[in-house]
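**Q** Can you keep this structure in mind? I'll have questions shortly.
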Amino acid sequence: MLKRLQVFAILIVTAGLAAVPAIAGPSSPVGVVTSAQRSLIGHVSATDGTSIYDGDTVSTEPSGALRLQFGGSQMVLTGNSVVSLNKTDAGVVATVLSGAVRFSSVPGSLLEVRTLKAVVVRAKGDQLAVGQLSVTGPASFQIGSTKGDLDVAVNGVEHVVEASTAYNVSLDGDGGQNSRRRPRAAGASGGIWIAIAAIAAGTGVALWLAFRSPSKP
């Protein structure tokens, strides 16, 4: 009789444990702060070595700067910028809400940059790419590559930004009325593209060296 009661008690405890939902462990960070000056993670001051997690929003003051590392890829926020960060199966998505960023994406460590709800930027193919993106208005941005080619999708329309080139892009169709430069051919849904001054090769090399050196944000 006693053995039956013991077995019955064990069955009750086992059933109760099975009904308890599994408690998820702490999420792993998506990146780390490598250099921070007058910048925030959420509403908390960012400091060197702070981990970045899925869903975090980072920002800088007008005179601030923030450098982040995601595996082998990196990003630098210039002053007065706001970026939200999310983890995906492929890597990290950085959504630029305002301001400007410089970024490097290396093979095997995908960093995808998005902005204005319709723009997706990533390295073209399996290659290193170093670029910069600035939000210049509610429907306009600048994009340039200093090393490697970038694939830029605007409303699903693909464009290639080659190394050492840069463009002003308008999403509302008002891209060339006040400019003497000839717009790059594109459908309305893909925005109006206007080439701006080419980025010197030396600038690309200097930027890449800065990304490689932790002492230079």
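The values are calculated or read from the model by the stated rules, or taken from the named source; none is laboratory data. Only a predicted model underlies this, so the values are computations on that prediction, with no experimental measurement involved. Note that each Cβ is placed from the backbone with ideal geometry, even for glycine, and that neighbours are counted across all protein chains shown.
**Q** Can you name the condition, by its number, that L97 falls short on among (1) over 12 Å from S35 (Cα atoms); (2) surrounded by 22 or more Cβ atoms within 10 Å (Cβ to Cβ)?
**A** All conditions are met except number (2).
**Q** Run down A123, A90 and say which single residue is surrounded by fewer than 16 Cβ atoms within 10 Å (Cβ to Cβ) and of a type in the set (G, A, S).
**A** A90
**Q** Looking only at region 65-85, which residues are under 12 Å from the mean Cα position of the chain (by Cα) and either outside any strand (DSSP E or B) or surrounded by fewer than 17 Cβ atoms within 10 Å (Cβ to Cβ) (or both)?
**A** V82, S84
**Q** Given (1) modelled with pLDDT of 95 or more; (2) within 28 Å of A153 (Cβ to Cβ), where does T50 come up short, assuming only one miss?
**A** If we test T50 against (1) modelled with pLDDT of 95 or more; (2) within 28 Å of A153 (Cβ to Cβ), just (2) comes out false.
**Q** Let me ask another. From L5, L17, L66, which residue is modelled with pLDDT of 50 or more and of a type outside the set (V, I, T)?
**A** On inspection, the qualifying residue turns out to be L66.
**Q** Just to check your reading of the model, which residue among V83, V76 is within 13 Å of V101 (Cα to Cα) and touching a helix residue (DSSP H, G or I) at 6+ places or on another chain (Cβ under 9 Å)?
**A** Among V83, V76, only V76 is within 13 Å of V101 (Cα to Cα) and touching a helix residue (DSSP H, G or I) at 6+ places or on another chain (Cβ under 9 Å).
Listed here are the residues, each with its yes/no results for (1) of a type in the set (V, I, T); (2) in contact with a helix residue (DSSP H, G or I) (Cβ under 9 Å, 6 or more places away or on another chain); (3) surrounded by fewer than 16 Cβ atoms within 10 Å (Cβ to Cβ); (4) modelled with pLDDT of 95 or more.
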{"position": "P107", "(1), (2), (3), (4)": "no, no, yes, no"}
{"position": "V113", "(1), (2), (3), (4)": "yes, no, no, yes"}
{"position": "V119", "(1), (2), (3), (4)": "yes, no, no, yes"}
{"position": "S145", "(1), (2), (3), (4)": "no, yes, no, yes"}
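**Q** Moving to a separate point now. Here are some residues: I196, I192. Which one is modelled with pLDDT under 95, surrounded by 17 or more Cβ atoms within 10 Å (Cβ to Cβ), aliphatic (A, V, I, L, M) and out of contact with any Leu (no Cβ under 6 Å at 6 or more places or on another chain)?
**A** From the options I196, I192, the qualifying one is I192.
**Q** Related question: Residue by residue through region 112-133, note down the ones that are within 17 Å of G148 (Cβ to Cβ) and among the hydrophobic types (A, V, I, L, M, F, W, C).
**A** Passing the criteria: V113, V120, V121, A123, L128, A129, V130, L133.
**Q** Moving to a separate point now. Which one of these does G137 not meet: (1) within 23 Å of I196 (Cα to Cα); (2) touching a strand residue (DSSP E or B) at 6+ places or on another chain (Cβ under 7 Å)?
**A** All conditions are met except number (2).
**Q** Mind listing whichever residues of region 108-128 are within 18 Å of Q69 (Cα to Cα), over 13 Å from the mean Cα position of the chain (by Cα) and in contact (Cβ under 8 Å) with a residue 24 or more places away in the chain?
**A** Residues satisfying the conditions are G108, L128.
**Q** Which of the residues belonging to region 147-166 are surrounded by fewer than 16 Cβ atoms within 10 Å (Cβ to Cβ), touching a residue at least 24 places away in the same chain (Cβ under 8 Å) and in a loop (DSSP other than H, G, I, E, B)?
**A** Scanning region 147-166 gives N155, G156.
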